[in-house]
Amino acid sequence: MLPKQGHLLRIFIGERHQYGRVPLYQWIVKKARERGLAGATVLRGLMGFGAKSHVHTAKILRLSSDLPVVIEIVDTMEKIEAFLPEIDEAIGHGLATIEKVEVRFYKDGED
């Protein structure tokens with residue numbers, strides 16, 4: 001159950017970033033599930049740049065092996081704030097943002 005006023009954590013990283021031998025985005029989603037956060041989605045970008053201003057793109061002639069990845073997690077501010085220190089040390093390069101969201105519904109498909 002989520003309250004009507006939730007928060008969205010967005011984490012921007014590179015596709016090839018790793019934590020140990022696991023893709024970082026995969027490790028973060030697994031940790032979010034273990035910690036009981038409401039849900040997480042990983043989005044793969046077609047083009048982007050970050051703090052170093054290196055452009056990463058999916059153009060056919062120049063395939064990047066490090067496309068942008070955005071992980072979105074929605075839950076309460078308290079749960080997100082508790083989760084951030086757990087993943088902070090694993091993220092060497094990236095950006096995290098938090099914004100307020102209005103939760104319209106959160107359904108599991110069961111009656």
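The values are calculated or read from the model by the stated rules, or taken from the named source; none is laboratory data. Predicted model, so just to flag it, every value in this text is computed and none were measured. Cβ placement follows ideal geometry from the backbone for every residue including glycine, while neighbour counts extend to all protein chains displayed.
Hey, among GLU102, GLU72, GLU78, GLU110, which residue is in contact (Cβ under 8 Å) with a residue 60 or more places away in the chain and over 16 Å from the mean Cα position of the chain (by Cα)? Before the answer, list the steps.
Details: GLU72 fails: over 16 Å from the mean Cα position of the chain (by Cα); GLU78 fails: in contact (Cβ under 8 Å) with a residue 60 or more places away in the chain; GLU110 fails: in contact (Cβ under 8 Å) with a residue 60 or more places away in the chain.
Step by step, each of GLU102, GLU72, GLU78, GLU110 is checked, and only GLU102 is in contact (Cβ under 8 Å) with a residue 60 or more places away in the chain and over 16 Å from the mean Cα position of the chain (by Cα).
Considering every residue within region 60-77, establish whether at least one is of a type outside the set (Val, Ile, Thr), part of a helix (DSSP H, G or I) and at pLDDT 95 or above. Before you say what the answer is, go through the steps one by one.
Within region 60-77, the first condition is being of a type outside the set (Val, Ile, Thr), and the residues that meet it are 61-68, 72, 75, 77.
Still in the list and also part of a helix (DSSP H, G or I): 77.
Narrowing the set further to residues that are at pLDDT 95 or above leaves 77.
Yes, region 60-77 contains at least one residue that is of a type outside the set (Val, Ile, Thr), part of a helix (DSSP H, G or I) and at pLDDT 95 or above.
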Among (1) surrounded by fewer than 15 Cβ atoms within 10 Å (Cβ to Cβ); (2) touching a Ser or Thr at 6+ places or on another chain (Cβ under 8 Å); (3) not aromatic (Phe, Trp, Tyr), the one test that GLY6 misses:
(1)
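Look through region 81-99, keep the residues that are in contact (Cβ under 8 Å) with a residue 24 or more places away in the chain and part of a loop (DSSP other than H, G, I, E, B), and return whichever of them is surrounded by the most Cβ atoms within 10 Å (Cβ to Cβ). Please lay out each step first, then the result.
Keep residues of region 81-99 that are in contact (Cβ under 8 Å) with a residue 24 or more places away in the chain, which gives 82-84, 86-87, 90-99.
Add one more test, that the residue is part of a loop (DSSP other than H, G, I, E, B), and what stays is 90-94.
Working: ALA90: 17, ILE91: 17, GLY92: 11, HIS93: 12, GLY94: 20.
Of everything passing the filter in region 81-99, GLY94 is surrounded by the most Cβ atoms within 10 Å (Cβ to Cβ).
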Among (1) outside any strand (DSSP E or B); (2) out of contact with any Asp or Glu (no Cβ under 9 Å at 6 or more places or on another chain); (3) loosely packed, with under 11 Cβ neighbours inside 10 Å; (4) of a type outside the set (Val, Ile, Thr), which single condition is GLY36 missing?
(2)
